[in-house]
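The values are calculated or read from the model by the stated rules, or taken from the named source; none is laboratory data. In this text the structure is predicted, and so the values were computed from the model without any measurement. For neighbour counting, all protein chains shown are included, and Cβ atoms are generated from backbone atoms with ideal geometry for every residue, glycine included. With ligands, DNA and RNA removed, areas are computed over all heavy atoms of the protein, side chains included. Shrake-Rupley method; radii C 1.70, N 1.55, O 1.52, S 1.80 Å.
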Amino acid sequence: LWNVLAEQKVALLADEVGMGKTFQALGIAALLWKMKPDARVLVMAPNRDLCLHWRREFNNLVSSHYRVVDHTVKNSVDGLAVPSIEICKSLPDLDAAVSQGVSHFYLTTIHSLSGLLRGEDTYDRSPDIVAGERAKEIHESIKSALGPEGFDLIIVDEAHYLRNIHGGSQRVAAAREFFGTRKDPLSQRALLLTATPSHTRLSDVNSIFSYCLDSGEGWTSEADRASHLLNNYGLRRMRLMEGDGKLFSKRHYRHEK
């Protein structure tokens, strides 16, 4: 996973449910902090409860599984994490926290991409356009605070929440401007997590990647594009179930392409 991020700057971890995607992603963050102690990491999870889950899992990883007291990930005083954690309920809160430099590990929600307007009057302008403008302002403010390279790593949990790229919603418009373009990304590296990269159709794969990569125009089919993306940027493990003295993956009992 680290090698894919180093080479491609974008990676998709599509392990099945229960295979430890959160721990693997936190392992990547820990390795990054070990190499660069002042690295800034952002996790976007679907909701606040999952942000709290990420915080618990990080503390659990460091206290119970990270063995070396290196003073970059684990301290010697109480054996807990060195990087401070800041949970931000909205993108403006994230912008303020980053501008103040309060943390090395920020957590916010994918839902915050839908809450930039909060019912305010857009003066007969399309809400998605206004939301995109607000998100772009936040993008520029964060980049101004962190420097031209932005975050060192962004982790998007349950990335299939961003698959409806043609829905015309505030979330899509805000996400496009918040994550930035290939030439001006919000982060040096992007790690996408989902157990279901193709949620309802093959175009979902391209949609999930579209916030981090160019649109990929010129492909003759969605299948070819999806195959290219998953082969070059994706990693996946299947769960194995024991029965009749053997181990079976779901490919043995379920038709899946």
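Odds and ends about this structure:
- The number of residues in the stretch 195-216 that are under 17 Å from residue 171 (Cβ atoms), among the hydroxyl-bearing types (Ser, Thr, Tyr) and assigned to a helix (DSSP H, G or I) comes to 1.
- Residue count for the stretch 36-71, restricted to those that are of a type in the set (Gly, Ala, Ser), under 22 Å from residue 142 (Cα atoms) and open to solvent by 70 Å² or more (accessible area, probe 1.4 Å): 0.
- Residue in the stretch 72-81 that is closer than 26 Å to residue 130 by Cβ, buried (at least 18 other Cβ atoms within 10 Å of the Cβ) and not hydroxyl-bearing (Ser, Thr, Tyr) present: no
- Residue match in the stretch 141-152 (condition: part of a loop (DSSP other than H, G, I, E, B) and more than 21 Å from residue 30 (Cβ to Cβ)): yes
- Of residues in the stretch 102-119 being open to solvent by 50 Å² or more (accessible area, probe 1.4 Å) and within 16 Å of residue 169 (Cα to Cα), the one modelled with the highest pLDDT: 111
- A search for C-beta distances below 6 Å between a residue of the stretch 86-101 that is open to solvent by 60 Å² or more (accessible area, probe 1.4 Å) and any residue that is polar (S, T, N, Q), counting only pairs 6+ apart in sequence or on different chains, returns 86/103.
- Residue in the stretch 77-86 that is more than 18 Å from residue 193 (Cβ to Cβ), among the polar types (S, T, N, Q) and more than 19 Å from the chain's Cα centre (by Cα) present: no
- The residues of the stretch 9-22 include none that are modelled with pLDDT of 95 or more and surrounded by fewer than 16 Cβ atoms within 10 Å (Cβ to Cβ).
- The stretch 148-162, residues that are open to solvent by less than 80 Å² (accessible area, probe 1.4 Å) and either aromatic (Phe, Trp, Tyr) or modelled with pLDDT of 95 or more (or both): 150, 151, 152, 153, 154, 155, 156, 157
- Complete set of residues in the stretch 219-243 that are at pLDDT below 85 and within 22 Å of residue 7 (Cβ to Cβ): 219
- The stretch 143-187: number of residues that are within 13 Å of residue 112 (Cα to Cα) and either basic (Lys, Arg) or in contact with a Ser or Thr (Cβ under 6 Å, 6 or more places away or on another chain) (or both): 2
- Residue 123 open to solvent by 60 Å² or more (accessible area, probe 1.4 Å) and among the aromatic types (Phe, Trp, Tyr): yes
- Conditions (1) surrounded by 18 or more Cβ atoms within 10 Å (Cβ to Cβ); (2) in contact (Cβ under 8 Å) with a residue 24 or more places away in the chain; (3) not in a loop (DSSP other than H, G, I, E, B); number of the one not met by residue 130: (2)
- Annotation: residue 184 fulfils all but one of (1) within 15 Å of residue 1 (Cα to Cα); (2) of a type in the set (D, E, K, R); (3) open to solvent by less than 80 Å² (accessible area, probe 1.4 Å); the unmet one is (1).
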